[in-house]
Structure formats: C-alpha cells, structure tokens
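Beneath this line is the structure, given in structure tokens, with notes to follow.
The values are calculated or read from the model by the stated rules, or taken from the named source; none is laboratory data. Just so you know, these numbers come straight off a predicted model, no measurement behind them. Cβ placement follows ideal geometry from the backbone for every residue including glycine, while neighbour counts extend to all protein chains displayed. SASA here: full protein model, heavy atoms, side chains in, ligands and nucleic acids out. Shrake-Rupley method; radii C 1.70, N 1.55, O 1.52, S 1.80 Å.
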Amino acid sequence: MAENGEGNADQYAKDGSVDLRGNPVLRSRRGGWTACSFIVVYEVFERMAYYGISSNLVIYLTNRLHEGTVEASNNVTNWVGTVFLTPVIGAYIADAFLGRYWTFLIASAVYLSVYTYTHICKFGMCLLTLAVSVSPLRPADCKENCEPASTLQLSVFFGGLYIIALANGGTKPNISTIGADQFDEFDSKERMHKLSFFNWWTFSIFTGTLFANTFLVYIQDNVGWTLGYAIPTLGLMISIIIFLVGTPYYRHRVPQGSPFTRMTRVIVAAIRKWKVPVPNDPKELHELDLEVYAKRGNFRVDSTNSLRFLNKAAVKDSPGTPSMVCPVTQVEETKQILRLLPLLLAMFIPCAVIAQTNTLFVKQGTTLNRHIGPQFQIPPASLGAFVTISMLLCVILYDRFLVKVMRAWTKNPRGITLLKRMGVGLVLQIVTMSIASLTERRRLSIARSHGLDKAAGQVPVTIFMLLPQFVLMGLADAFMVVGIIEFFYDQAPESMKSLGTSYSLTAYGVGNFLSSFLLKLVAKITSSRGKGWILNNLNASHLDYYYAFLTLLSVLNFIYFLYVSNVYSYKSERWEEKVALDDQKAENG
C-alpha cells in the first residue's frame, strides 16, 4: 500500500534508492543490515574461491608448471594486477548503463559459467579446474630436471586465470558498493551503521581468505590440485545463489550516465574557455534548476575554489565566448574525482608491498622446517592465515572499542579520519618490511652456516620464524585496506560511486604490476653484477636487501602521503548537501 504512494513519505529512503522496477523503496522493507547480510555472506564464499587460487598460486607455478622464482612471482602479481585493474571497466558499465546489480550479476555468470566450444569447457573456474586435473593439460609430476610446461598447458591454465580476472572487473567494484548503498545517509541511524559497514565487509573478505589459506591450501598441497580447485568452484556457485536469494531486500541506484563523458566535457569546456574570467559570485555560474536534481534523484553540489580553473566550464555563454557550458555540479564532481588522484598514487607502493605476502613470503616458507610432529607439515601458503587472523581481530577491536574511544576524544563519527587510518597502516607496513628484512638476514645466516647457499635445501629452522611479518602485515591491512576501500567510496561523487570504488581496486592492480616490475628490475640489475638478490635458490639470494629496498621506498612514499593528505580537503557529506539544498528551496519559496 505504501509502495503505491500511500503512507508516510518519511518512511521512504531519501537517497534516491529504488527497486529493480525503478519505484521508490521503503526503508523498513529493503536495505539495512538485512540486505547486507546476504551480500556479506556472498563475499565470504567468493573470497574463499578467489584466495583458494591466489594464495597458493606461486607454489603451483613453481612446483607444477616448473617456473623459476622470479617468473612465477611475476606471473602471480601480473594476474592479480589484472584482477584489480579490470574493475575500472565494470565500474564504468555500472555507473553509465546497467546499474550495479545487473553488471555484477552478468559478471558473476561469466565468472562461473561453462561455455561449450568443441565440447571443451572454456570459461573461468571450470577451465581452471580442468587445467589442474586433466593429464594432457598439466605437466607430469617431477622433482628434478623438469621440462617446462607446454604452450597448450600454459594457454589453458592462464586462459582460465585471465577469464576470472575479466569477470572480477564486473563483480569487485559493484558488490561492496551495492552493500554500502543499503544504508540511507539521510537517516541518522542508518548513517551510523554505514560507518561500520566497511569494517564488517572487510571482515567477511578475510573470513573467506582464512578458510582458503588453511583448509584449501592444505587440500591442494596434500590431497590434490583437482579437489583443491573444485571446492572454490562450488563455493562460487553457493555465493551467487546466496546473493540472488537476497534480491527482494536490495535497494538500487539509477545509473546516472557515463562519468567519463561528463568529466571529459568539463575539462574540454574549461580548456576552450581558458581566457574567460571566472565571476567572483558563484551564483553567476551555470547550474540546473533544483527541480531537475529532485527528479533525477541526484544532489546538487555548490561551487568551490579548489581547482578553480575548471570553474571556467560553468561560466555562462556570452557573445564572443565558446558555446560550451557545464553545470556547477558536474564541475564539482569532476574536481572530486581529480582530487583523489594524488592519493591514489600514494597507494601504489603500499599495494606492491602487500603483494609480497602471496609471493616471496610464501617462497621463504618453502625453505624452512614446516613439520609439526612427525607427520603433519604446514603448507607454506597457510602462514597467510596469520595475516587474516590478526586482521580480523584488529577489525573487531577497532570497530567495537577504538572507534568509540576515539569518537569521544576527536568528536569524529569515525573515530579518526579515513586518511589518518590509512596513515597508521602505512607506518605498520614500514615496520613489517623492516622486520621481514632482519628475519631474512637471520635465515640466510643460518643457511650459509650449513652450506645451503651452495646446494639448495631446507634450513633447520621452524617456519614460524616468519610469523611476525605475517601478523604485522595483517595489522597494517586492518588499517590501510579498510581505509582505502571506504575512502575512495566515500569521497567519490554520488553518481560515480562504482568508479570511486574502482580507484581503490586500481591501486592494488597497479601495485601488483609495480611489484612485478621492481622484482624483475632488481633481479636483472643485481644478477648482471654477479650476485643476484632473487635467485631460484633463495638460500643463495639476498631477499633481506630486497626487503630493505622496499622499506626505503615505503618511507619515501609515506612522506609523499603526508603531504598530499595534509592538503586534501574532504568533500561535504551528502546529508549536509541535502540540508543546504532544502534551505535554499525554502528561501526561494
């Protein structure tokens, strides 16, 4: 009854949320934690599927496809980089055309689907499972003098990997955004819940990761890769079903058109009018009528003096000036996206550091004593579980206790600002890589004392000597990873939320490619001088030097981060913009 237009209008979501048919929705019937519960549970299973592949991928590439340390590590980071760069495409499609729900659903179908072509499974998880289970598609088992994988074997395996990367472009930037969209910022209670959403969202990610880093990694190392990849495929099926079950409870946002088109128009208009003076009174700039924004379910943004050159795009046409004019709101949305770029650059090196967790950290573990008792051996990739555990505990403590304590002190609803949270994570990363360098120096000293730098072998030290660097990386992630996702979502314009979320994912993509570049460059330079830092025999390498190099880069990057975060100005909250708009409507009668 109320959904047909009757009832109290205040019960409707005021943020422009609609159902799949485009009708306004009631807060009591859709959205909130009820809707988010399906999305969060989906993410647990989906992350289990993703990390069931990525966590142990470097081991599969070296032990089964017989690749070297540098080649395998770079193949992992190149793939992960692609996974996190394709979301820019998915975000564009969602914001401009299909909306987040349908873009996500179509990408999920590609992620999982089995397409038949000449009776061979060709897509995503199905193809990847075939690549590790069908004998002609995988190299024969061997321990010494192994022949490299054939072109066919590599094509099938990496084909499956990169189809998954492409599908992730539609799922990653939209699923977290759909979750955040379930809270109405114009309702004070829901606004506070939204502040906690990204903490619990990340909690769900690392819950799935924990399962992958323990159970799945053990299955892959000790039972078989076929079962080890089939289980994530089943998990992905379950996750999509769970998401579909929650469909009646979701709130949706109407696509606002191509963000790139609007931004390009603003930039081109400003350049064409570069000689046109900007009026001192912002009211003289071009803006659409208030009714236009009310009908579109969007919100007007007042003009600011930051990036003032772009204000020229909103200067009204006059004789002798180019006939291209943009509304102030479009200009300000463009500014908001451009202001994020310097901070996006500051995230590339930290994300390159995170990439070491699933590559070099894991390879270190293969050189150490992994026994617990006479029979059981810890899979090297399982140490990643300690990243997850420390991160999960930190997120809970942060959300339940630290935020409340800091909120009383700073009066900030989030406890500390998003940039300060990210800054704490960056400092913890510097500490982590410093300790990793010192730990590796000790491991190498023991290896050389036993002559293992001449002939590769297992260093007689427990794998748990690597535990501090894994635990500290988890603490750093609890601050930085959550902060990155929430910051770029929160600071993006309303009509470009998927694009903003894709920024955070782009940081990981570029960071992984940067990791590949640095590793290859350092290996090439140091090898040419007669003493390689990264060799296939890690006992003859100098990973301690490489980790110290990453520590130095992290320090320099932190200095840059301090500068750009100090000059950054947060955009006003949407509910504040709405209040100002309502006040202006009242003044205009």
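Between the helical axis of 497-528 and the longest alpha-carbon principal axis of the chain there is an angle of about 30 degrees. Ranked by the mean number of other Cβ atoms within 10 Å per residue, highest first, peptides 168-175, 422-429 order as 168-175, 422-429.
Remark on the range 144-300: Rg and Dmax equal 24.4, 76 Å (Cα only). A protection proxy built from the mean count of other Cβ atoms within 10 Å ranks the segments 304-316, 38-50, most packed first, as 38-50, 304-316.
Could you tell me the relative contact order of the chain? Use alpha-carbon pairs under 8 Å, at least six residues apart, and round to a whole percent. Reported as a whole number, the value is 21 percent.
When each of the peptides 99-110, 389-400, 147-158, 51-62 is scored by the mean number of other C-beta atoms lying within 10 Å of its residues, the order from highest to lowest reads 51-62, 99-110, 389-400, 147-158. The length gained on full extension between LYS275 and ILE559, counted as 0.36 nm times the residue separation minus their Cα-Cα distance, comes to 98.6 nm. Dipole of the chain computed with +1 at Lys/Arg Cβ and -1 at Asp/Glu Cβ about the Cα centre; of THR247, SER188, ASN537, farthest Cα towards the positive end is ASN537. For the chain, the share of DSSP beta bridges that are antiparallel, to the nearest 5, is 80%. Can you tell me the 0 to 90 degree angle between the C-alpha axis of helix 100-112 and the longest principal axis of the chain, rounded to 10? Result, in degrees: 20. Remark on the chain: Rg and Dmax equal 25.7, 88 Å (Cα only). Per-residue ellipticity at 222 nm, computed for the chain from helices alone with -39500 (n - 2.57) per DSSP H run of at least four residues, works out to -20000 deg cm²/dmol.
Counting only protein heavy atoms and a probe of 1.4 Å, the accessible surface of the chain is 63% carbon and sulfur.
Once the Cα atoms are used to define both axes, helix 418-449 deviates from the longest principal axis of the chain by about 10 degrees. Here are some pairs, LYS363/LYS420; LYS420/LYS497; LYS454/LYS520; which of them have Cα atoms lying more than 29 Å apart in this structure? Violating the 29 Å limit, Cα to Cα: LYS363/LYS420.
Once Lys and Arg get +1 and Asp and Glu get -1 on their Cβ, which of PRO379, ILE231, THR417 lies farthest toward the positive end of the dipole of the chain? Of the options given, the answer is PRO379. For the residues THR367, THR214, a 1.4 Å probe over the protein chains yields an accessible-area ranking, largest first, of THR214, THR367.
Shown are LEU444, LEU472, whose ranking by accessible area with a 1.4 Å probe and every protein chain present, most to least, is LEU472, LEU444.
At full extension, GLN11 and ILE396 could sit 135.4 nm farther apart than now, given 0.36 nm per residue minus the alpha carbon distance. The share of Cα pairs per 10 Å bin across the range 69-111, counted from zero up to the longest distance, runs 26, 39, 22, 12, 1 percent.
Give me Rg/Rg_expected for the range 206-274, where Rg uses Cα atoms only and Rg_expected = 2.2 N^0.38 Å with N residues.
2.06
Rounded to whole Å, give me the distance from the Cα center of the range 372-395 to that of the range 446-492. Between the Cα centres of the range 372-395 and the range 446-492 lies a distance of 11 Å. Pairs of alpha carbons in the range 1-105 separated by more than 22 Å make up 56% of all such pairs. Probing with 1.4 Å while keeping every protein chain in the model, the per residue accessible area of the range 199-297 equals 49 Å².
Magnitude of the charge dipole for the chain, about its Cα centre and with charges confined to Cβ atoms of Lys, Arg (+1) and Asp, Glu (-1), is about 1080 debye. Extension gain for the segment LEU341 to VAL268, taken as residue separation times 0.36 nm less the Cα-Cα distance, is 24.4 nm to one decimal. Diffusion coefficient (Stokes-Einstein, Kirkwood radius over C-alpha pairs, 25 °C, 0.890 mPa s) for the range 12-52: 207 µm²/s, rounded to a whole number.
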